[in-house]
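The values are calculated or read from the model by the stated rules, or taken from the named source; none is laboratory data. Keep in mind that this is a model prediction, so the values were computed, not measured. With ideal geometry, Cβ positions are generated from the backbone for all residues, glycine too; neighbour counts draw on all protein chains shown. To get the accessible areas, we keep the full protein, side chains included, count just its heavy atoms, and leave off ligands, DNA and RNA. Shrake-Rupley method; radii C 1.70, N 1.55, O 1.52, S 1.80 Å.
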Amino acid sequence: MNELQELYREVILDHNRQPRNFGEIENADRVVEGVNPLCGDRMTLYVSLDGEQVRDIRFTGTGCAISVASSSLMTEKAKGHSIDELRTLFDRVHEMLTGDGTEADVDLDEMDKLAALSGVRAYPTRVKCATLAWHALIGAISGSRDRISTE
Ligand code: FES
């Protein structure tokens, strides 16, 4: 394992051990449940909005280390951003996690800590673990209160 992979691993382990923004938001503006169809693990995302801006965002649920770390990293990044900014971020993260690593690839330096999730790209069954929180986010900012699946 090279130095960068070790750093990514540390970020995942840290956010799994001590998830940021874990818990519910009372009277959240948006509540979305995300389900990974491959394993049945689920998370619930709570979002409070201030106009078009995410004022607060939290999550609950259980899942593997990748899904918990991804939820934690996502909430940490999303807080304070506008809905439009988060749509752009979702596209970039989705490309990072599912892209083929060629010309359309995302600049990992720009992704900051989220780059720690990029390693799942080599493991198709883990991609859904990492994208679960992000699909819930896009569902929440699109106004959904429904169940979201990563399919
Ligand atoms: Fe269930 Fe990863 S194995 S979310």
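Taking only C-alpha pairs under 8 Å that are 6+ residues apart, what is the relative contact order of the chain in percent?
Relative contact order of the chain: 32 percent.
Name the long-range amide H neighbours of Gly34: under 5 Å, sequence gap of 5 or more, or other chain; modelled H, no Pro or chain starts.
Under 5 Å from the amide H of Gly34: Met43, Thr44, Leu45, Ile148.
So who's got an amide H within less than 5 Å of the one on Asp29, skipping anything under 5 residues away but keeping other chains? H placed 1.01 Å off N, in plane.
Under 5 Å from the amide H of Asp29 lie the amide H atoms of Val47, Ser48, Leu49, each far enough along the sequence or on another chain.
When a/c is below 1.5 the answer is rounded, else prolate if a/b is larger than b/c, else oblate, so apply that to the range 27-140 with a ≥ b ≥ c taken from the square roots of the Cα gyration tensor eigenvalues.
oblate
Count the net charge of all other residues whose Cβ sits under 11 Å from the Cβ of Pro19, scoring Lys and Arg as +1 and Asp and Glu as -1.
In short, +1.
Tabulate in residue order the Karplus-calculated ³J(HN,Hα) for the range 33-47, using 6.51 cos²θ - 1.76 cosθ + 1.60 with θ = phi - 60°, rounded to whole Hz; enter x for Gly and Pro.
My calculation for the range 33-47 gives 9, x, 10, 8, x, 6, 10, x, 5, 9, 9, 10, 10, 10, 10 Hz in order.
Can you compute the helix-only [θ] at 222 nm over the chain? Use -39500 (n - 2.57) per DSSP H run of at least 4 residues, normalise by all residues, nearest 500 deg cm²/dmol.
After summing the helix terms and dividing by the residues of the chain, the value is -14000 deg cm²/dmol.
Roughly to the nearest percent, how much of the accessible area of the chain is carbon and sulfur, given a 1.4 Å probe?
So the carbon and sulfur contribution to the accessible surface is 45 percent.
Residues with amide H under 5 Å of His81's amide H, sequence separation 5 or more or different chain, H placed in the peptide plane at 1.01 Å from N; which?
Excluding prolines and chain starts, which carry no amide H, the hits are Val54.
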